[in-house]
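J.: Before I ask anything, let me first share the structure, which is written out below as structure tokens.
The values are calculated or read from the model by the stated rules, or taken from the named source; none is laboratory data. Nothing here was measured: the structure is a model prediction, and the numbers come from that model. Note: ideal-geometry Cβ built from the backbone for every residue, glycine included; neighbour counts use all protein chains shown. For the accessible areas, the whole protein counts, side chains as well, though only heavy atoms, and no ligand, DNA or RNA atoms are used. Shrake-Rupley method; radii C 1.70, N 1.55, O 1.52, S 1.80 Å.
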Amino acid sequence: RASSIHLLYHGGMRLPWLLAILLAVLCATLLVHIGDQRRRDRDNLARARDEAAEFRGDYFKQQATLADVDKDRAAQAATLQQLATHVSEKAAADLDQQKLMDDLRKKLDAKEGDVSAGNGVVTVHLESEILFASGEAELSKHGKEVLARVGDVLKPLKDKQILVGGHTDDAPIHTARFPSNWELSTARAVNVVHFLADSVGVEPAKLTAAGYSQYHPRSSDRAENRRIEILLIPQ
């Protein structure tokens, strides 16, 4: 019995120490686990921050790309609008030019002249024989009638400069009044300008006279080269 009491006593004394050791081991294990968890949390947080930074970088890149796309679209839209405006204006100008040509053709018969267009310039070709006697620069009665009809179309024009060009054939002329075809072609153009301004009422500031002599032939036919050309030039 004494031996049993002795063992019980010593066993009772060891139990708190065992519990303390066990508790210490448990606490150490828990601390290690907590430390590992904190490291994992820090690693996860660092990865999350890196991913967030990468996402922000991608986001800003996408925003910049979208801004560039919007700028390109705006530029393309502006270009398309300009093109549409240009096409519309060109179509309107073509219609105006065609109407002008039709109006002029109505004033002339085939023997008096014709009308053509190129590069936005409308040209009225008038036969010299209709306007002038051979070797002369004074307008004939019939010539004045023709110019009066043409002048009725020219008078209201607001957006054209009117260049009157005198042309001769290559047959030389040498008179006291006209030493060469230069003087003859120029005098004819000047007389047409005077008639359009003084008799028809075309604004003088819109008129210009020029003599080309025989150096701008229209064809190999001398008769076609003797002419007055009225060029309607867009301002």
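J.: Quick check on this structure: which one of Lys61, Lys144, Lys90 is open to solvent by 40 Å² or more (accessible area, probe 1.4 Å) and touching a Ser or Thr at 6+ places or on another chain (Cβ under 8 Å)? Talk me through it step by step, then tell me what you get.
T.: Working: Lys61 fails: touching a Ser or Thr at 6+ places or on another chain (Cβ under 8 Å); Lys90 fails: touching a Ser or Thr at 6+ places or on another chain (Cβ under 8 Å).
Just one listed residue meets the conditions, Lys144.
J.: Within the set of pairs 6+ apart or on separate chains, which have a first residue in segment 205-223 that is under 26 Å from Leu154 (Cα atoms), a second that is among the aromatic types (Phe, Trp, Tyr), and C-beta atoms under 6 Å apart?
T.: Gly211/Trp182; Ser213/Trp182
J.: Right, here's the next one. Here's a check for you: in segment 161-189, which residue that is free of Cβ contacts under 8 Å to residues at least 40 places away in the same chain and among the aliphatic types (A, V, I, L, M) is least open to solvent (accessible area, probe 1.4 Å)?
T.: Only one residue fits best here, namely Ala189.
J.: Being open to solvent by less than 60 Å² (accessible area, probe 1.4 Å) and either of a type in the set (A, V, I, L, M) or closer than 16 Å to Asn181 by Cα (or both) is the filter here; which residues of segment 219-228 pass it? Steps first, please.
T.: Our first condition is that a residue be open to solvent by less than 60 Å² (accessible area, probe 1.4 Å); within segment 219-228, this holds for 219, 223, 225, 227-228.
Residues satisfying the conditions are Ala223, Asn225, Arg227, Ile228.
J.: Next up: Residue pairs, Cβ under 6 Å, 6 or more apart or interchain, first in segment 46-62 and touching a residue at least 12 places away in the same chain (Cβ under 8 Å) and on the phi < 0 side of the Ramachandran plot, second of a type outside the set (A, V, I, L, M) and loosely packed, with under 10 Cβ neighbours inside 10 Å. List them.
T.: Hits for this filter: zero, empty list.
J.: Consider His216 against the criteria (1) surrounded by fewer than 18 Cβ atoms within 10 Å (Cβ to Cβ); (2) of a type outside the set (S, T, N, Q); (3) out of contact with any helix residue (DSSP H, G or I) (no Cβ under 9 Å at 6 or more places or on another chain): it satisfies all of them except one. Which criterion is unmet?
T.: (3)
J.: Something else now. Taking segment 64-87 on its own, how many of its residues are under 26 Å from Lys158 (Cα atoms) and open to solvent by 70 Å² or more (accessible area, probe 1.4 Å)? Can you show your working first?
T.: Initial filter on segment 64-87 (under 26 Å from Lys158 (Cα atoms)): 82-87.
Still in the list and also open to solvent by 70 Å² or more (accessible area, probe 1.4 Å): 82-83, 86-87.
The qualifying residues number 4.
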